[in-house]
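Enquirer: Next up is a structure, given as structure tokens.
The values are calculated or read from the model by the stated rules, or taken from the named source; none is laboratory data. Predicted model, so just to flag it, every value in this text is computed and none were measured. Here the Cβ is made from the backbone with ideal geometry for all residues, glycine too, and neighbour counts use every protein chain on show. When the accessible area is computed, the model is the full protein with side chains, heavy atoms only, and any ligands, DNA or RNA have been set aside. Shrake-Rupley method; radii C 1.70, N 1.55, O 1.52, S 1.80 Å.
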Amino acid sequence: MLDKNGFKRKTYAELIDDMGIKSRELYGENTNISPRSPLGIIIRLFAYFLSVVWELSEQVYNAGSVSKADGVSLDRRVKNRGITRELASESMVLLTFTGMPGFVIPEQRQFSTETDIYFYLIEDVTLDETGNGAGQAVSVEKGAYTKVGENTITVQVEPLSGVTSVNNPGPAEGGRDVEKDEALRARYFKQVEGATTIPGMRSKLLELPGIQAVNIVENEKNVADADGRPPHSFETYVLGGNDQEIAETIFRNKAGGIQPYGAIEKTVLDDGGWPKKVGFTRAEVVNVSIKATLTTNSAFGSNGANQVRTLLVSYIGGEDADQTLYPGLSMGIDVVLWRLSHQIAKVPGVSDLQLTVSADGINYTASNIDILPLQVARTKAADIEVILIA
């Protein structure tokens with residue numbers, strides 16, 4: 001039903017109970033509505049199909065809320081704020097070749113790993129006088145699984161007489177899966193609307209592909225501050241993203257007459273074609289490792305440990321075991337133990353827990369980790385050890 005408290009779906013069991021009560025009101029208290037009676041069977045048939053209608057009604061109701069919508073409904077809701085789901089992307093990699101001097105390897109030629117992950121050249125490669133050459137290649141398919149490691153692309157899918165060997169001296173980069181609902185929802189709630197303001201600029205930067213965290217520090221005084229920022233300037237600390245895209249976004253969204261200062265400086269052209277210098281600084285990542293010792297009971301499922309890791313990664317921010325990236329904590333936010341414990345307590349079957357954390361992966365303590373304004377805490381599933389005590 002729908003009232004001031006929101007929508008509450010009637011379950012299959014509740015529908016059976018309601019129809020049973022109504023049947024006995026109409027036909028008498030002694031009416032047989034057991035599961036094998038004719039009336040009982042009819043009630044359960046109707047209850048099943050009505051439960052489907054109730055589920056559909058609940059989905060329609062939830063589609064209007066970013067916190068409950070999923071799939072296409074969520075895409076449409078976040079688009080109202082100019083946010084779109086990050087799509088799957090290909091990986092790029094540098095391939096090196098040996099073979100006949102002067103031989104030309106045409107673009108679009110395919111090469112693969114032993115596990116059949118295919119890449120194709122996006123440029124012609126001419127082997128030099130020593131028979132060596134290199135060129136950029138892109139994965140045929142999209143997804144995080146295409147980020148293969150170094151020295152894995154060694155198979156000539158379309159063999160060439162002038163090529164002896166192919167290899168990738170470095171790992172493939174850039175491939176990602178379609179952004180999951182949970183990650184899109186978290187990114188949406190981290191963004192704040194505004195224009196030519198600090199919150200507005202931060203919002204626009206967070207919309208860029210690959211941006212995970214942003215913090216902006218202003219110096220409104222007429223003299224340089226203690227960290228060397230010039231008068232009337234701001235310094236933007238950014239985690240992830242492309243340097244030029246970051247500079248362009250800062251320039252298009254900053255207030256006039258305010259200097260964008262930072263360790264990295266890029267040139268941006270204004271509307272008149274004049275070059276402008278835009279500075280920003282890369283954030284320092286504090287890699288958080290966690291050891292969680294859990295006392296569990298029978299309600300703790302076989303996937304409970306993975307649920308713990310996912311909740312911690314989504315809270316702090318970083319890469320989960322399935323390579324989903326979560327934005328997590330904002331820059332400068334401390335890693336607080338009781339907040340981590342609160343996340344773990346959401347998993348059914350956890351009776352008690354003990355937590356220790358580390359910022360170097362070696363020294364673990366039961367104390368909070370302090371994060372400076374130019375730092376951002378991040379973790380990953382592989383750095384979270386879950387120890388179970390039945």
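Enquirer: Looking only at residues in the range 268-309 that are among the hydrophobic types (A, V, I, L, M, F, W, C) and part of a loop (DSSP other than H, G, I, E, B), which one is farthest from residue 383 (Cα to Cα)?
Expert: That would be 274.
Enquirer: Ok, one more. With (1) modelled with pLDDT under 90; (2) open to solvent by 40 Å² or more (accessible area, probe 1.4 Å) as the list, and residue 329 as the residue in question, which single condition is left unmet?
Expert: (2)
Enquirer: Let me ask another. Kindly check whether there is at least one residue in the range 135-142 that is under 30 Å from residue 68 (Cβ atoms) and either surrounded by 12 or more Cβ atoms within 10 Å (Cβ to Cβ) or touching a helix residue (DSSP H, G or I) at 6+ places or on another chain (Cβ under 8 Å) (or both). Lay out the reasoning, then the answer.
Expert: Here is the first cut: in the range 135-142, the ones under 30 Å from residue 68 (Cβ atoms) are 142.
Those left that are additionally either surrounded by 12 or more Cβ atoms within 10 Å (Cβ to Cβ) or touching a helix residue (DSSP H, G or I) at 6+ places or on another chain (Cβ under 8 Å) (or both): 142.
There is at least one residue in the range 135-142 that is under 30 Å from residue 68 (Cβ atoms) and either surrounded by 12 or more Cβ atoms within 10 Å (Cβ to Cβ) or touching a helix residue (DSSP H, G or I) at 6+ places or on another chain (Cβ under 8 Å) (or both).
Enquirer: For the structure I just gave you, tell me whether residue 145 is within 30 Å of residue 81 (Cβ to Cβ) and open to solvent by 10 Å² or more (accessible area, probe 1.4 Å).
Expert: On the way: within 30 Å of residue 81 (Cβ to Cβ): no; open to solvent by 10 Å² or more (accessible area, probe 1.4 Å): yes.
When the stated conditions are applied, residue 145 does not pass them.
Enquirer: Here's a follow-up. Go through (1) touching a helix residue (DSSP H, G or I) at 6+ places or on another chain (Cβ under 8 Å); (2) open to solvent by 100 Å² or more (accessible area, probe 1.4 Å) for residue 29 and report which single condition fails.
Expert: The single condition residue 29 does not satisfy is (1).
Enquirer: Follow-up. When the residues of the range 215-267 are filtered to those that are of a type in the set (Ser, Thr, Tyr) and within 20 Å of residue 376 (Cα to Cα), which remaining residue is farthest from the chain's Cα centre (by Cα)?
Expert: Among those that are of a type in the set (Ser, Thr, Tyr) and within 20 Å of residue 376 (Cα to Cα), it is 261.
Enquirer: I'd like the full set of residues that are touching a Lys or Arg at 6+ places or on another chain (Cβ under 9 Å), closer than 15 Å to residue 234 by Cα and exposed (fewer than 13 other Cβ atoms within 10 Å of the Cβ), limited to the range 253-281.
Expert: 263
Enquirer: On to the next question. Please tell me if residue 91 is touching a residue at least 12 places away in the same chain (Cβ under 8 Å) and either within 25 Å of residue 324 (Cα to Cα) or among the charged types (D, E, K, R) (or both).
Expert: Judged against the criteria, residue 91 is a match.
Enquirer: Then there's this: Does at least one position in the range 37-54 carry a residue that is open to solvent by 50 Å² or more (accessible area, probe 1.4 Å), of a type in the set (Ser, Thr, Tyr) and modelled with pLDDT under 90?
Expert: no
Enquirer: Right, another one. How many residues are open to solvent by less than 50 Å² (accessible area, probe 1.4 Å), within 21 Å of residue 174 (Cα to Cα) and touching a Leu at 6+ places or on another chain (Cβ under 8 Å) if we restrict to the range 213-248?
Expert: Here the count works out to 5.
Enquirer: Are there any pairs, at least 6 apart or on different chains, whose C-beta atoms fall under 8 Å, with the first in the range 293-322 and in the same structural domain as residue 339 (by the TED database) and at positive phi and the second buried (at least 21 other Cβ atoms within 10 Å of the Cβ) and aromatic (Phe, Trp, Tyr), and if so, which?
Expert: Listed by first residue and then by second, the contacts come to 317/326; 318/326.
Enquirer: With the checklist (1) in contact with a Ser or Thr (Cβ under 8 Å, 6 or more places away or on another chain); (2) among the aliphatic types (A, V, I, L, M); (3) closer than 30 Å to residue 17 by Cα in hand, flag the one item residue 104 doesn't pass.
Expert: Among (1) in contact with a Ser or Thr (Cβ under 8 Å, 6 or more places away or on another chain); (2) among the aliphatic types (A, V, I, L, M); (3) closer than 30 Å to residue 17 by Cα, the lone unmet condition for residue 104 is (3).
Enquirer: Please give the number of the condition residue 361 fails out of (1) more than 27 Å from residue 85 (Cα to Cα); (2) within 19 Å of the chain's Cα centre (by Cα).
Expert: Result: residue 361 fails condition (2) only.
Enquirer: May I pose another question? Hey, which of the strands (runs of 3 or more DSSP E) in the range 176-267, taking only ones fully inside, have at least 2 residues that are touching a strand residue (DSSP E or B) at 6+ places or on another chain (Cβ under 8 Å), farther than 27 Å from residue 287 by Cα and in contact (Cβ under 8 Å) with a residue 12 or more places away in the chain?
Expert: Correct list: 259-261.
Enquirer: Just checking, how many residues over the range 156-174 are at pLDDT 90 or above and farther than 30 Å from residue 130 by Cα?
Expert: Residues that pass the stated criteria total 0.
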